[in-house]
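The values are calculated or read from the model by the stated rules, or taken from the named source; none is laboratory data. All figures in this text were calculated on a predicted structure; none of them were measured in a lab. Neighbour counts are summed over all protein chains in view; Cβ atoms, including those assigned to glycine, are modelled from backbone coordinates with ideal geometry. Calculation scope for accessible area: heavy atoms of the full protein, side chains included, ligands and nucleic acids excluded. Shrake-Rupley method; radii C 1.70, N 1.55, O 1.52, S 1.80 Å.
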Amino acid sequence: MKIERKQSVVLVPYPFQGHLTPMLQLGSILHSQGFSVIIAHPEYNTPKYSNHPEFVFHSMDDGLKGIEISLPSLENIYDLNENCKAPLRNYLVKMMKEEGDQLACIIYDNVMIFVDDVATQLRLPSIVLHTSSATYLHSMITIFQQPEKYFPFEGMRTNTFSASRF
């Protein structure tokens, strides 16, 4: 008798309102379609596990204990991405070695850019979830195309918006 394996999906949310809720909602939809859902999340603003007993939760050390990031800076976002990279990679490697569920893909918030590197290294398919509206994305593209028009102050030009640290 052949045992059918259940496919797993790993979701990696950014731990702030407006990001966490849509990811958990997506997880509920995927679970209703037969997927096993694993939420790999930073320790900051941990989702309430009891609200989603159908999910498996994995907490990643984000290295941000004691740091106030209710209004995150680019530095906080960078640190979060750097600090979560190894914990996620180690977890996925361990998960892939174990028998049982097959990993279908990783779905991650667009702010959690480190996941792309991990997925590429482990040759796993990945999908980016943008939780912002189309209007927001259009606005950001417009601002990045002409930053001097929207930020005319000295020192607030293109270098401020560089993603080179990421």
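Here are some notes:
- Once backbone amide H atoms are built at 1.01 Å from N, MET60 has HIS41, GLU43 as its partners under 5 Å, excluding neighbours fewer than 5 places away on the same chain.
- Here the Karplus curve 6.51 cos²θ - 1.76 cosθ + 1.60, taken at θ = phi - 60°, turns the phi angles of region 108-117 into couplings of 9, 5, 4, 7, 8, 5, 5, 4, 4, 4 Hz, with x standing for Gly and Pro.
- Within the straight-line cut-off of under 30 Å between alpha carbons, the lysines reachable from LYS94 are LYS2, LYS6, LYS48, LYS65, LYS85, sequence neighbours fewer than 8 places apart in one chain being disregarded.
- Placed amide H near ILE127: partners under 5 Å, 5+ positions off or other chain: ILE106, ILE107, TYR108
- Zone residues, region 72-97, relative to VAL56, backbone N less than 13 Å from point 7 Å out along Cα-to-Cβ: 91-97
- Net charge of neighbours whose Cβ lies under 9 Å from the Cβ of CYS84, counting Lys and Arg as +1 and Asp and Glu as -1: -2
- Probe 1.4 Å, accessible area per residue of region 1-130, Å²: 57 Å²
- Label-point separation, VAL93 to GLU148 (7 Å along Cα→Cβ), nm: 4.8 nm
- Solvent-accessible surface (1.4 angstrom probe) belonging to LYS48, in square angstrom, nearest 10: 130 Å²
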